[in-house]
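In what follows, a single structure is set out as structure tokens and then discussed.
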Amino acid sequence: MGSRDRIRILYFVNTTVRAGVEEHVLSLVERLDRNEFDISLACPEELISSMEDELRRTGARLLPVRISGWRQVDRVRRLLGFMKKERIDIVHSHMFISTFFAAPIARMAGVPVVVDTSHGREAWRRSRLGRSFVVDRFIARFVDRVIAVSEDTARYLVNEKGISADKVTVIHNGRDLSRFDPVRSANGLRKSLGIAKEDITITVVGRLEPQKGHSYFFEALPPLMERHPNVKALIVGDGSLEGELKEQCSRLGISDRVVFTGFLNDVPEVLSLSDVVVLPSLYEGLPLTAIEASAMARPVIATAVDGTPEVIMDGRTGILVRPKDPEGLRDAMFRLVTDEATRRSYGDMGRRTVTERFSLDRQVKRTAMLYRELMDGKRLGT
């Protein structure tokens, strides 16, 4: 297939921090068949820098750009010009703020197909202004299809945002499960973090931002650590709340038992030294960490929000609790810390479940099928 015969895709992401959404996009950039697809990525320079090694290997064309307002005419023109110059067939943006700019610009550039992926509720939707979806419905006119990463996200799009159900397709997030070996050794990382083999390690992986609910997790720890001196908490990720969360740990008297690692690229290694993984999030789309922890056969304690119950089965692969509930988190952690057999049972079942339902190959294949379907529809004039 010649270069012009390939479907030319431009991904657009407006965020600067590498996290779950950005990993999702990177997975598509890395995995789509280059014999069929020609790939470009437009995103802020900061994000390109954080993914530099991986992006270099993909050979994708890169456009450093971030648009935060329509008055940034030079940036709008830059993205518009790139779409025209590269004769893009499909613009695929991620999250509403990105689509707010990318979809109209794509139409101005004459791009045949526009796709948006919704990764769940946006943080700013909690405000009074955010609960109005008039703009969302207007922008949806420029979009051919919205991918929802979970069934819950699809319901949110249709029932709350008012997006036509005909425009919504569910494609569950997936991960490269070949990277997750439950018996992998992490002795080097364990030693560098000061975690002994006899310690029971409870790990939270996620950006240090309000969405992830770290403060409720820390509130649950003192009584657990008082009764179990060998419990340590591993906090993986960085973000704006780092100083505030460290201060909270100091105030609770648990600083010597909590290890803040910052961002770590090797998530499987982190999970391999974990006995329990906790997701205290206030909201999620479909949490990649829950998939990854289950792939490592680790039991998960998570809040029963949005798409999380589609990954974690309460009483089978982990324990679901209410959001903002330190007591619920504490009780769940007490149970798993003291019951190794249940930890093993939940972990084994979790690995079987995600292997069947949440592989990256499945996600990429379904996304590629959608691209073909949409392009065929345009060629046939439907």
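The values are calculated or read from the model by the stated rules, or taken from the named source; none is laboratory data. Since the model is a prediction, treat every value here as computed from it, not as a measurement. Don't worry about glycine lacking a Cβ; one is built from the backbone with ideal geometry, like all the others, and counts go over all protein chains shown.
Structural remarks
- In segment 169-189, of all residues being polar (S, T, N, Q), over 17 Å from residue 289 (Cβ atoms) and touching a residue at least 40 places away in the same chain (Cβ under 8 Å), the one that is surrounded by the fewest Cβ atoms within 10 Å (Cβ to Cβ) corresponds to 185.
- Residue 240 vs. criteria assigned to a helix (DSSP H, G or I), polar (S, T, N, Q) and without any contact (Cβ under 8 Å) to a residue 40 or more places away in the chain: no
- Restricting segment 303-327 to residues that are under 16 Å from residue 351 (Cα atoms) and in contact with a Pro (Cβ under 9 Å, 6 or more places away or on another chain), the residue that is surrounded by the most Cβ atoms within 10 Å (Cβ to Cβ): 318
- Scanning segment 81-103 for residues that are crowded, with 18+ Cβ neighbours inside 10 Å and part of a helix (DSSP H, G or I) yields 82, 83, 96, 98, 99, 100, 101, 102, 103.
- Residue 340 being exposed (fewer than 13 other Cβ atoms within 10 Å of the Cβ), over 19 Å from residue 217 (Cβ atoms) and outside the structural domain of residue 155 (by TED's automatic domain parsing): yes
- Pairing each residue of segment 256-272 that is part of a loop (DSSP other than H, G, I, E, B) with any residue that is among the β-branched types (Val, Ile, Thr), provided the two are 6+ apart or on different chains, yields C-beta distances under 8 Å for 263/236; 264/236; 264/270.
- Number of the condition not met by residue 283 [criteria: (1) closer than 28 Å to residue 117 by Cα; (2) in a helix (DSSP H, G or I); (3) in contact with a Lys or Arg (Cβ under 8 Å, 6 or more places away or on another chain)]: (2)
- Candidates 10, 47, 32: the one that is buried (at least 19 other Cβ atoms within 10 Å of the Cβ) and without any contact (Cβ under 8 Å) to a residue 40 or more places away in the chain is 47.
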